[in-house]
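Chemist: One structure coming up, written as structure tokens, with questions to follow.
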Amino acid sequence: MRIPLIAGNWKMNTTVGEAVELVNEICQGLGGVVGVDKVVCPPFISLAAVKELLKESSVRLGAQNLYFEEKGAYTGEISPLMVADLCEFVIIGHSERRQYFDESGEIVNKKLRAVLKVGLKPILCIGEKLEENEVGRTEEVVTEQLRSSLDGIDCSGAMIIAYEPIWAIGTGKAATGRQANETIGLIRGKIAKLYSEEIAREVRILYGGSVTADNIAEFVEQFEIDGALVGGASLKAGQFISMVKQTQEIFYPTNPPTKDLVEW
Ligand code: PEP
């Protein structure tokens, strides 16, 4: 069984003080909620402070990006070793990075290699633009993104993929559960072809794009969808807590687990 995962991408929001306040509220609200992986991805500058607060918590820490080189003269960049020192997860290839920072498939591939080398768990983002969706090119686009991102990479169950249609990110216009399930099923099929049926069954695939506490159920009740990557709504503790709790109820309708299912 794939453990559901709800990850909050805080993007370029929160000062260190605000991040500390937000994570404290999240931890208080999620104390006894197990069986769902909960990941927060604050800005780099808050990672160390947030890590301290997560010591006794089942909430896990992720970064939003990294550079693929290990160290050296790359002013302003953060290396995989630095991220791995603090975090377990890292978002790679978010559409905002592809769009505003010219991240190509080749760069995403280099980053993924670097991430896996240091033992971080990548959350690889893929998804089509509105105009691609409108002309029925979704399958072609996500297939090419998978191919270029994963080229030469030994994929295992540690890989997490987030299907995030760009037209749904930050727009308030989420895909429907059915649409997302269909594309995620397709992505799982591509993983099976690129690797194996077994790996395709293990890899967690999330939906992302205007997910909130009001629509999370529509996504996590779908067969192929293993959770969500959430931007805006993850900045409100109450929303994040509710999304995790609803996911727990949907995944374990009769016997909720009494302890987390993953050994970290
Ligand atoms: C995201 O940033 O990955 C995202 C899905 O944002 P939002 O939830 O705000 O659409």
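Chemist: Which one of these does TYR195 not meet: (1) among the hydroxyl-bearing types (Ser, Thr, Tyr); (2) open to solvent by 40 Å² or more (accessible area, probe 1.4 Å); (3) within 14 Å of the ligand (Cβ to nearest atom); (4) touching a residue at least 40 places away in the same chain (Cβ under 8 Å)?
Modeler: (3)
Chemist: For GLU224, are the conditions met, namely being open to solvent by 40 Å² or more (accessible area, probe 1.4 Å) and of a type in the set (Asp, Glu)? Talk me through it step by step, then tell me what you get.
Modeler: Numbers: open to solvent by 40 Å² or more (accessible area, probe 1.4 Å): no; of a type in the set (Asp, Glu): yes.
Taking the combined requirement at face value, the residue does not satisfy it.
Chemist: For segment 119-133, which residues satisfy the criterion of being open to solvent by less than 50 Å² (accessible area, probe 1.4 Å) and in a loop (DSSP other than H, G, I, E, B)?
Modeler: LEU120, GLY127, GLU128, listed by residue number.
Chemist: Here is a follow-up. Quick one: which residue in VAL211, VAL262, VAL203, VAL220 is out of contact with any helix residue (DSSP H, G or I) (no Cβ under 6 Å at 6 or more places or on another chain) and either modelled with pLDDT of 95 or more or within 16 Å of the ligand (Cβ to nearest atom) (or both)?
Modeler: That would be VAL211, the only listed residue that is out of contact with any helix residue (DSSP H, G or I) (no Cβ under 6 Å at 6 or more places or on another chain) and either modelled with pLDDT of 95 or more or within 16 Å of the ligand (Cβ to nearest atom) (or both).
Chemist: Mind telling me which of the residues LEU146, LEU116 ends up being more than 15 Å from the ligand (Cβ to nearest atom), in a helix (DSSP H, G or I) and open to solvent by 20 Å² or more (accessible area, probe 1.4 Å)? Steps first, please.
Modeler: On the way: LEU146 fails: open to solvent by 20 Å² or more (accessible area, probe 1.4 Å).
LEU116 is the lone residue from the list that is more than 15 Å from the ligand (Cβ to nearest atom), in a helix (DSSP H, G or I) and open to solvent by 20 Å² or more (accessible area, probe 1.4 Å).
Chemist: In segment 167-184, how many residues are open to solvent by 20 Å² or more (accessible area, probe 1.4 Å), assigned to a loop (DSSP other than H, G, I, E, B) and either within 12 Å of PHE219 (Cβ to Cβ) or away from the ligand (no atom under 12 Å from the Cβ) (or both)?
Modeler: Number of matching residues: 2.
The values are calculated or read from the model by the stated rules, or taken from the named source; none is laboratory data. All values derive from a computational prediction rather than experimental measurement. Here Cβ is always computed from backbone atoms with ideal geometry, including for glycine, and neighbour counts include all displayed protein chains. For the accessible areas, the whole protein counts, side chains as well, though only heavy atoms, and no ligand, DNA or RNA atoms are used. Shrake-Rupley method; radii C 1.70, N 1.55, O 1.52, S 1.80 Å.
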